[in-house]
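Asks: Structure provided below as structure tokens; questions to follow.
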Amino acid sequence: MRSLDAAIVLLHLTGMCFCQFPRPCANSQGLRSKECCPVWDGDGSACGALSGRGFCTEVEVSGEPHGPQYPFSGIDDRERWPLAFFNRTCRCAANYGGYNCGECRFGYWGSNCAEYRESVRRNILTLSAEEQQKFISYLNLAKNTVSPAYMISTATRAEMGENGENPMFSDINTYDLFVWMHYYVSRDAFLGGPGNVWRDIDFAHESAAFLPWHRVFLLHWENEIRKLTGDFNFTIPYWDWRDAQSCVVCTDALMGGRSLVNPNLVSPASVFSSWKVICSQPEEYNSREALCNATGEGPLLRNPGNHDPNRVTRLPTAADVESVLNIPDYETERMDRFSNRSFRNAIEGFASPETGLAVQGQSTMHNSLHVFMNGSMSSVQGSANDPIFLLHHAFIDSIFERWLRTHQPLRSSYPSANAPIGHNDAHFMVPFFPLYRNGDYFLTNKALGFEYAYLLDPGQRFMQEVLTPYLQQAQLIWQWLLGAGILGALISAIISALIVLAVRKMKRNRRRRRTSYYGEKQPLLQSSSEDGSSSYQTTL
């Protein structure tokens, strides 16, 4: 789904570490040795080998043939990923993950990655105002924080020299890291010479890997935000756009309203109005035969609803979603945008949701939202610049999840050969580090440690949408609460002790006064023998 002859629009969510290269490997030594096996600080060994977390090993790429859509070989760095850059990387054991096996794989936590925990993604419209603003603040923090772990390549491998003598890598902020990755995976292939490109190539769209690739992309993006903010309860919210008549998330309180001065811009009341987009000029890069270098290229553009009505007649309905879910086959025929009765092609938006037949000149389902936004989100390579991309793809992923649970497909339902380049089961996803095979993520999200709130039963949904936010807040402040409780108990004990001491002192004083009182009158009583009447009156 490309902004090519189909002028279609796709977006792809945030990820974590992709041709965005791990910093320890983004140098001449890494390129020369073709090895990316960084040291894990926990034990000082490559891939945490001394602790049994993983080991450095040869990369074994699939030899299965790809389809006819890309008739070249050996001209693009993304072919047989990641061999153009590295042929040795870390392979993590057990539940360990990350480019150096220093993290846990999706769904697992703890120092030994032995604790399974399920996170829940919730509808952004059901979040509290505080939760919504926290999400927006996290996005803005990511946009303004240089990624500590990853860099991007600003040139092809050939331009860096045979032995890596001219490494060309650059810093990038955490949010744009994912934007650049989405650009890189979908960019055109350079055939040599300015403007000489091959457009019918995309390692994450228009075929089988569309859904697994974006699933991993979102999981990585979530992981990077958690590490950046320290909020390990964070999940990406989704926008349930079924039957929507407008962009209900396009408000200043959420993803930014429309500017009153220029309808193509975001309202200045939104933090997103100051954002600069990157990788939004593919024709410019093609004309120079150059990669996007993540330089800011202007403001975020969005004018929802003012799109070509012939391409998108309406936004998807609940009935459209149900129709697509009833398609039993994941992939069919050519396994590209011309596939008929393919669930993947229908949900991606190249086919009619009612019939499942491929359509030309129209965008449905996933693609229709991109076109509807009529701006930065409507170009495949630059679509992830718009943060609505995250909300949209999270909901697309939830529909994928529903299809998996409904049809319970075998692994063999995913194509093992002859899909477009990069989309076969055993192909590694471009351009992720660590490496992920497409087929390994053709599985339910229960195995990956996350869930969607609207797919829970009513009791679970109440727990997640009503009780969980309060429990999470309590979790965040439990130490303060414990300290306050202990301090309160100490103060109460001190006050009680003071009261007890005061009461005892009062009793002693009373006894002393009583003793003193009678002690004063005694001489008078004794003198009463001398003056009885007077003594009696005094005593009374």
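Asks: For ALA209, what charge total do you get from the other residues with a beta carbon under 12 Å from its beta carbon, if Lys and Arg give +1 and Asp and Glu give -1?
Replies: My count for the surroundings of ALA209 gives -4.
Asks: With all pairs of different alpha carbon atoms counted, what Kirkwood hydrodynamic radius in Å does region 338-397 show?
Replies: When all Cα pairs of region 338-397 are included, the Kirkwood radius is 11.7 Å.
Asks: Just add up the charged neighbours of SER398: K/R +1, D/E -1, any other residue whose Cβ is under 9 Å from the Cβ of SER398.
Replies: On the way: positive: ARG121, ARG402; negative: ASP240, ASP397, GLU401.
Surrounding charge for SER398 is -1.
Asks: In terms of modelled amide H atoms, which long-range or inter-chain residues lie less than 5 Å from the amide H of LEU301?
Replies: Distant-sequence amide H within range of LEU301: SER376.
Asks: Okay, moving on. Across region 426-434, in residue order, what do the Karplus-derived ³J(HN,Hα) couplings come to in whole Hz, using 6.51 cos²θ - 1.76 cosθ + 1.60 with θ = phi - 60° and x for Gly and Pro?
Replies: 8, 5, 6, 5, 8, x, 6, 10, x
Asks: List, in order, the whole-Hz ³J(HN,Hα) value for each residue of region 438-453 obtained from phi through the Karplus relation with A = 6.51, B = -1.76, C = 1.60 and θ = phi - 60°; use x for Gly and Pro.
Replies: 3, x, 5, 10, 8, 8, 5, 5, 4, 7, 10, x, 8, 8, 10, 4
Asks: From the phi of every residue in region 133-144, what ³J(HN,Hα) in whole Hz does the Karplus formula 6.51 cos²θ - 1.76 cosθ + 1.60 yield, where θ is phi - 60° and glycine or proline is x?
Replies: Result, rounded to whole Hz: 5, 5, 4, 5, 5, 5, 4, 5, 4, 4, 5, 10.
Asks: Right, here's the next one. Just for the Cα atoms in region 74-142, what are the lengths along the principal axes, largest first, rounded to whole Å?
Replies: Here the spans come out as 50, 36, 20 Å, largest first.
Asks: Less than 10 Å Cβ to Cβ from PRO353, Lys/Arg counted +1 and Asp/Glu -1: what total charge do the surrounding residues give?
Replies: Value of the local net charge: -3.
Asks: Moving to a separate point now. Hey, could you grab the Kirkwood Rh for region 333-464? Inverse mean 1/r over distinct alpha carbon pairs, Å, one decimal.
Replies: Across region 333-464, the inverse of the average 1/r is 16.6 Å.
Asks: How many percent of the alpha carbon pairs in region 240-337 exceed a separation of 18 Å? It would help to have the intermediate numbers written out before the result.
Replies: Values: 3176 of 4753 pairs.
So the portion of pairs separated by more than 18 Å is 67 percent.
Asks: Sticking with this structure for a sec: Could you pull out the trypsin sites (Lys or Arg not before Pro) across region 202-239 that fall in loop regions by DSSP (anything but H, G, I, E, B) with no more than 14 other Cβ atoms inside 10 Å?
Replies: Sparse-neighbourhood loop trypsin sites (Lys or Arg not before Pro): none present.
Asks: Still on this structure, please answer the following. Please list the non-local residues whose amide H lies under 5 Å from the amide H of GLU451, H modeled 1.01 Å from N, same-chain partners needing a gap of 5 or more.
Replies: Amide H neighbours of GLU451, under 5 Å, 5+ apart: SER119, VAL120, ARG121.
Asks: Which values of log₁₀ I(q)/I(0), to two decimal places, follow from the Debye formula for region 263-403 at q = 0.13, 0.18, 0.19 Å⁻¹ with a uniform point scatterer at every Cα?
Replies: For the requested q values the scattering log ratios are -0.64, -1.05, -1.11.
Asks: Taking H placed 1.01 Å from N in the peptide plane, check which residues at least 5 places from ALA294 or on another chain put their amide H under 5 Å from its amide H.
Replies: Counting only residues 5 or more places away or on other chains, the set is CYS279.
Taken together, the values in this text are just the output of simple stated rules run on the coordinates, not laboratory data. As the structure is a computational prediction, the values presented were derived from the model and not from experiment. Every residue, glycine among them, receives a Cβ derived from its backbone with ideal geometry; neighbour counts consider all protein chains shown.
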